[in-house]
Amino acid sequence: MHKYLRIIAFFLVLCLLSGCSIPFADISKTVSGSGNTASEKDGTENQDNKGNSAITGEEDSRIRTLISDYFSCLYSEPAEDYYIYSATGKLPEKIKGFISSDTISIAEGNREIGIHLPRFIEANGLVCVGYELVKNKSSDGRETPGIDAEYAGEAGGGFLYYTKVYLYARCVNTANFEKLFTMSGVDNTWTKVNADPIDENQTDTIKIEARYDVQVKKEDGNYKIAAAKEAVTTNEARSRLLIFNNDFIKRLTYLDCSAAEDGKSYAREDDGKAYEEEKALITAFFNSLKNNLDVENMKLMQTAWDRNAGDFSTFLDKLSRTGDNGTKKLTDLIEIKDDYKIKFDYCSMPLQFNMEKLDGEFTEMKIVPHPGYTKKRKIYAVSFKVPVKRMNGSVQGEECIYYYDYFITLLKTDEILKIDGIRLNEYGRVTPAGSVDNG
């Protein structure tokens, strides 16, 4: 008998030493980084930092819905309409149904109430004065608000959710904002100077992410919001309401060019469509420059460019050939106005000193929306390599590969998209080692 026990013990030790798994453990899955909890995917529970079950999947789903509905309601009104409430600590009637009775009974009427309302925020020289929720479209065509709530743990007898709200922010520049609104020196709230609507020609739109710490608690069987605060360190009301206190927001790239889950289309169809149209225009512009400009035409262009916008436009119209290799006329691609010398600086043209012509196909062309891209000011960072025939005096020289880096600005007027300006940031010869020689 002892012999068999020794044999069984021997095999158990072998299993442990070889790393064989024991088929009795059930490992819980964690919350994914996509904004969906594991409980929504496979029915598991969120856990606290000790591994104890803190919230069920069904509760988590209810809380996410509550938070989504709350912010959808909150951001359905203009930001300026909330300052009367921020000044007094009162809550708008439209959101009271989402708020816990304790918060209403104890904190309402106190400016330090933990319900932070939409307000004006400065972002890179622009002031956000109005907001609209970004809408996401699911694979079945349904639209859902861009609100991402992640379980963060237990707090104050309830649960804490770290929440990101994705918004289109309507903006005016700082100088215009100070003409449109006046600030109270008492509580740092803002009042519109007059009742006239803001001129749309003075506004633009950017995309931002607003971050909130949302605390929820159960009340009579239903979850309610006990606090929804901007995720910042400065929470004292008077200081927080300063437009430069903007730590809880992050500016996002306006166009979302990420791929959908199938890898064959764009995650946001409208953004993908806009990007493809704008990329095609930029590509056509550089192809037209390549096919129409050589060293002799550059000399003629400079004379017309030096004169006036009319002569410059007429020269480009005569110069451009249509139909050759799909080339489009330059005057169909660019917008020439009185400020053309600033927006289309002669020195920003790709053909530079001692170059005869661009002589080959563009390679490694990258056309990427610039972080400063807005609804109206469409800025792209563009880079590429292209073969260039060089000149040595009056004799044709060798062919080299050159690298170019540009900022390109586009403008859409009456649904017609054109290039509004170009700026050459860098160019240089590509060395055999692959580096760029700017000398």
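The values are calculated or read from the model by the stated rules, or taken from the named source; none is laboratory data. Treat the numbers as computed from the prediction; the structure is a model and nothing was measured. All Cβ positions, even for glycine, are placed from backbone atoms using ideal geometry, and neighbour counts span all protein chains on display.
Some notes on this structure:
- Residue in the stretch 145-164 that is under 30 Å from N188 (Cα atoms), of a type in the set (D, E, K, R), in contact (Cβ under 8 Å) with a residue 24 or more places away in the chain and exposed (fewer than 14 other Cβ atoms within 10 Å of the Cβ) present: no
- Those residues of the stretch 326-373 which are modelled with pLDDT of 95 or more and of a type in the set (G, A, S), in sequence order: S348
- Checklist (1) under 28 Å from the mean Cα position of the chain (by Cα); (2) part of a strand (DSSP E or B) applied to E399, failing item: (1)
- Top-ranked residue in the stretch 271-299 [being surrounded by fewer than 18 Cβ atoms within 10 Å (Cβ to Cβ) and β-branched (V, I, T); ranked as modelled with the lowest pLDDT]: V295
- Residue match in the stretch 206-222 (condition: over 30 Å from K179 (Cβ atoms) and aromatic (F, W, Y)): yes
- In the stretch 52-72, the residues that are at pLDDT 95 or above and among the hydroxyl-bearing types (S, T, Y) form Cβ pairs under 9 Å with partners that are outside any helix (DSSP H, G or I) and exposed (fewer than 14 other Cβ atoms within 10 Å of the Cβ), at six or more places apart or across chains, as follows: S68/T144.
- Of all residues in the stretch 408-439, those satisfying the criterion of being under 22 Å from N201 (Cα atoms) and in a loop (DSSP other than H, G, I, E, B) are D414, E415.
- Residue list for the stretch 400-439, filter: in contact with a helix residue (DSSP H, G or I) (Cβ under 7 Å, 6 or more places away or on another chain), closer than 15 Å to D345 by Cβ and not small (G, A, S): I408, I419, D420, I422, R423, L424
- Between Y75, Y85, the distinction of being modelled with pLDDT of 75 or more, within 29 Å of the chain's Cα centre (by Cα) and under 30 Å from F181 (Cβ atoms) belongs to Y75 only.
- Filtering K94, K137 for residues that are modelled with pLDDT under 90, surrounded by fewer than 16 Cβ atoms within 10 Å (Cβ to Cβ) and either out of contact with any His (no Cβ under 9 Å at 6 or more places or on another chain) or of a type in the set (S, T, N, Q) (or both) leaves a single hit, K137.
- Residues of the stretch 251-270 classified as free of Cβ contacts under 8 Å to residues at least 60 places away in the same chain and either crowded, with 17+ Cβ neighbours inside 10 Å or of a type in the set (V, I, T) (or both), total: 2
- Check on K389, under 15 Å from M298 (Cβ atoms) and either loosely packed, with under 12 Cβ neighbours inside 10 Å or in contact with a Lys or Arg (Cβ under 8 Å, 6 or more places away or on another chain) (or both): yes
- Taken together, A309, A304 contain a single residue that is farther than 26 Å from I401 by Cα, surrounded by fewer than 18 Cβ atoms within 10 Å (Cβ to Cβ) and in contact with a helix residue (DSSP H, G or I) (Cβ under 6 Å, 6 or more places away or on another chain), which is A309.
- Among (1) outside any helix (DSSP H, G or I); (2) surrounded by fewer than 17 Cβ atoms within 10 Å (Cβ to Cβ); (3) of a type in the set (D, E) - the single one E178 does not satisfy: (1)
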